[in-house]
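Worksheet: the structure to be examined is printed underneath.
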Amino acid sequence: MKINVSNIPAEGLKLHFSKDAKWFVDLWPSDDRMNFAFHDAGLSFSLKKIGETVFIEGKVVTTVELECCRCLERTTKILHGDFKYTFEPSRSHDNEEIELSVEDLEISYYDNDLIDLDQIAFEQIALQIPMKALCSESCKGLCPQCGMNLNLSSCQCRSDFVDDRLAVLKDFKVKE
Ligand SMILES: [Zn+2]
Ligand SMILES: [Zn+2]
């Protein structure tokens with residue numbers, strides 16, 4: 001959905017949307033394979049306008065189904081994210097001598113008085129999707145020798161996989 005900046009009232013605007021799987025798949029670039037299934041999303045936007053500058057704050061809650069990186073079983077995750085954008089009209093950007101500062105990098109630009117909320121929502125959902133997901137923190141993964149899913153049963157292989165698992169856990173904590 002595109003919002004016309006001139007339609008944002010002085011007191012601001014609050015919007016809520018629910019999106020389904022088809023909405024997301026349509027926005028996802030077709031040359032980028034999806035290794036997850038998008039179920040649904042709830043999106044909230046709060047828009048405020050000061051002069052020509054538009055401030056957007058929002059929340060996204062989404063459900064995706066993806067593969068556990070240890071045991072390769074499908075797992076469903078609910079993901080939450082908050083976001084903030086500052087938009088300015090692109091013409092004020094074009095006319096100025098551009099001196100990049102940290103502040104500039106955080107500003108987005110709109111054309112023809114239009115801000116595409118779908119695009120913002122899509123970006124935010126894409127950011128929430130983890131590169132590596134776990135079905136559970138304690139997932140035992142697959143036996144590196146026989147491939148058995150060790151959450152379901154144990155195997156007779158004698159290996160040093162325990163040490164590998166601890167290393168993975170340590171990495172995971174650092175990233176969190
Ligand atoms: Zn798992
Ligand atoms: Zn095994």
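Given GLU99, GLU103, which one is surrounded by fewer than 11 Cβ atoms within 10 Å (Cβ to Cβ) and either at pLDDT 90 or above or assigned to a loop (DSSP other than H, G, I, E, B) (or both)?
Details: GLU103 fails: either at pLDDT 90 or above or assigned to a loop (DSSP other than H, G, I, E, B) (or both).
After applying the criteria, what remains is GLU99.
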The range 54-93: number of residues that are touching a strand residue (DSSP E or B) at 6+ places or on another chain (Cβ under 7 Å), over 24 Å from LEU134 (Cα atoms) and of a type in the set (Gly, Ala, Ser): 2
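When the residues of the range 138-148 are narrowed to those that are touching a residue at least 24 places away in the same chain (Cβ under 8 Å) and either more than 10 Å from ligand 2 (Cβ to nearest atom) or among the aromatic types (Phe, Trp, Tyr) (or both), which ends up surrounded by the fewest Cβ atoms within 10 Å (Cβ to Cβ)? Don't jump to the end; show me each part of the working.
First, the residues of the range 138-148 that are touching a residue at least 24 places away in the same chain (Cβ under 8 Å): 139-142.
From the residues that got through so far, the ones that are either more than 10 Å from ligand 2 (Cβ to nearest atom) or among the aromatic types (Phe, Trp, Tyr) (or both) too are 139-141.
Values: CYS139: 21, LYS140: 17, GLY141: 20.
Among those residues, the one meeting the criterion is LYS140.
The values are calculated or read from the model by the stated rules, or taken from the named source; none is laboratory data. Just so we're clear, the structure is a prediction, and the values are computed from it rather than from any experiment. Methodologically, a virtual Cβ is constructed for each residue, glycine included, from the backbone with ideal geometry; neighbour enumeration extends over all protein chains shown.
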